[in-house]
Number of protein chains: 2
Amino acid sequence: MTARAAAHAHTSHNHRACIDDALATARELCATRGVQLTPLREKVLHIVWRSHKPMGAYEVLDELARSHKAARPPTVYRALDFLMAEGLIHKIESLNAYLGCIEAGAPHSGQFLICQKCGATEEIVDPKLETALEAAARRAHFQPVRKVVEISGLCARCGK
Amino acid sequence: MTARAAAHAHTSHNHRACIDDALATARELCATRGVQLTPLREKVLHIVWRSHKPMGAYEVLDELARSHKAARPPTVYRALDFLMAEGLIHKIESLNAYLGCIEAGAPHSGQFLICQKCGATEEIVDPKLETALEAAARRAHFQPVRKVVEISGLCARCGK
DNA sequence: GCTCTTGTTGTTATGTTGTACCATCCGCAT
DNA sequence: ATGCGGATGGTACAACATAACAACAAGAGC
């Protein structure tokens, strides 16, 4: 079980390895693609990965500003936009917050289970759900581009 | 085919009947439930229903203010909150905008097809998709409360 | 009739999230 | 050395949303 495969928000895991793995994957991907994962962008990615809870842009900014005095809203949003464009993070629309992507490199919109109690958010990859989304769109002669799936409720721990 | 059943954003239909039907249903529902669909709230519902495009709260405010001088942001947000609580409108999270609900009375989170070109947004009710969502949550021992499904892309017309 | 309670609306101010726009810097190819 | 493109610095502002308290209206119980 790799660190990233263990990225279930509700399970305890070696989160340092989890982060390190995500950063390593990001560096590889960006090198391959010929895009720049600059120190600033990597720092933002690292901050987002510090927890499995979606993080608001201004939370990221506060954290970033501790080591980067020049940080301003555009600084953060530009980095977040880059990371999203490269598929390294996702935006959770229902929270206006950002979360590290567990399947970086494979372009996808993401499917999320968001705990309303503890905030932990797990990205899932469910082929049947994906199929159902495609089918629903097809039925309406609709060409899907981005599929937002965010299920809020109680995670395995909090729901007990 | 009733007006509401014809509420496909991309099809031409008698939108006046569409609105009238939605308002009549809303009045019935609120009467049954013993909650107040006040003139203000009804006016906001009417404004949201004027199109099949999700409407921002401040757009609603601008429209409302034409006939209601006292309108302020809280005026609109309170009305929208009431209408959402009663299941008469939905919030489209990926747009920060609001849309009339085509299945008022049946509590549901809604599934949406959002055209990126023309803005028309169609609410769909797809049992298989619903099942897939439930199954995905169940697999993770997650208790779903709200399910956000928003598919952006090109509608039948714009995708041709 | 009185007044208590509850729900709705008025009103001001502020908090939160996200962008427009232009300047500056830096590496690199010409 | 010059110009170019990508990245960052920095100011201001736009867009979205809520806190907090005042005013008012209508029904319930006395």
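The values are calculated or read from the model by the stated rules, or taken from the named source; none is laboratory data. Note that the structure is predicted; figures quoted are calculated from it, not measured. Neighbour counts are summed over all protein chains in view; Cβ atoms, including those assigned to glycine, are modelled from backbone coordinates with ideal geometry. Surface accessibility is based on the protein's heavy atoms, side chains included, excluding ligands, DNA and RNA. Shrake-Rupley method; radii C 1.70, N 1.55, O 1.52, S 1.80 Å.
If the segment from A:Glu103 to A:Arg72 were pulled out straight at 0.36 nm per residue, it would be longer than the present Cα-Cα gap by 8.3 nm.
Over the protein assembly as shown, what portion of Cα pair distances is larger than 30 Å, expressed as a whole percent?
Numbers: 21024 of 51040 pairs.
So the pairs more than 30 Å apart make up 41 percent of the total in the protein assembly as shown.
When DSSP beta bridges are restricted to pairs lying wholly in the protein assembly as shown, around 75% turn out antiparallel. Given segment B:15-153, what count of lysine pairs have C-alpha atoms under 22 Å apart, with each pair 8 or more places apart or on different chains? For segment B:15-153, the number of qualifying lysine pairs is 9.
Note that segment B:107-123 has calculated 3J(HN,Hα) couplings of x, 6, 8, x, 10, 10, 10, 10, 7, 6, 8, 9, x, 4, 10, 10, 8 Hz, one per residue in order, obtained from phi through the Karplus relation 6.51 cos²θ - 1.76 cosθ + 1.60 (θ = phi - 60°); glycine and proline are x. In whole angstrom, how far apart do the alpha carbon centroids of segment A:49-94 and segment A:137-157 sit? A separation of 24 Å, based on Cα centres.
Within segment B:113-137, the residues that become at least 30 Å² less accessible when every protein chain is included than when their own chain is isolated (1.4 Å probe; DNA, RNA and ligands ignored) are B:Leu113, B:Asp126, B:Leu129, B:Ala132, B:Leu133, B:Ala136.
Counting only DSSP beta bridges whose two residues both lie in segment B:15-153, roughly 65 percent are antiparallel. Normalising the average separation of contacting C-alpha pairs (under 8 angstrom, six or more residues apart) by the number of residues puts the relative contact order of segment A:15-153 at 21 percent. Accessible area per residue for segment B:110-160 is 47 Å², calculated with a 1.4 Å probe on protein heavy atoms, without ligands, DNA or RNA. Amide H contacts of B:Gln111: B:Ile124, each under 5 Å away and 5 or more positions distant or on a separate chain (H built 1.01 Å from N in the peptide plane; Pro and chain starts excluded). Computed from the C-beta positions of A:His13 and A:His141 and an R0 of 35 Å, the FRET efficiency is 0.20 to the nearest 0.05.
3J(HN,Hα) couplings calculated from phi for segment A:26-37 with the Karplus curve 6.51 cos²θ - 1.76 cosθ + 1.60 (θ = phi - 60°) are, in sequence order, 4, 4, 4, 4, 5, 4, 4, 7, x, 10, 9, 8 Hz; Gly and Pro show x.
For the protein assembly as shown, with all protein chains in place and a probe radius of 1.4 Å, 52% of the accessible heavy-atom surface sits on carbon or sulfur. Distance between the modelled labels on B:Ser51 and B:Thr38, one decimal in nanometres: 2.8 nm (7 Å Cα→Cβ projection). At a probe radius of 1.4 angstrom, the accessible area of segment A:9-69 per residue rounds to 57 square angstrom.
Take A:Val35, A:Val44 and sort them by solvent-accessible surface of the protein heavy atoms, 1.4 Å probe, largest at the top.
A:Val35, A:Val44
What total accessible surface area, summed over both chains, is buried at the interface between chains B and A, computed with a 1.4 Å probe and given in Å² to the nearest 100? Don't skip to the end; give the middle numbers.
On the way: alone 9420 and 9430 Å², together 16090 Å².
Chains B and A together bury approximately 2800 Å².
The accessible-area loss of segment A:57-93 on complex formation, taken against its chain alone with a 1.4 Å probe, reaches 50 Å² or more at A:Glu93.
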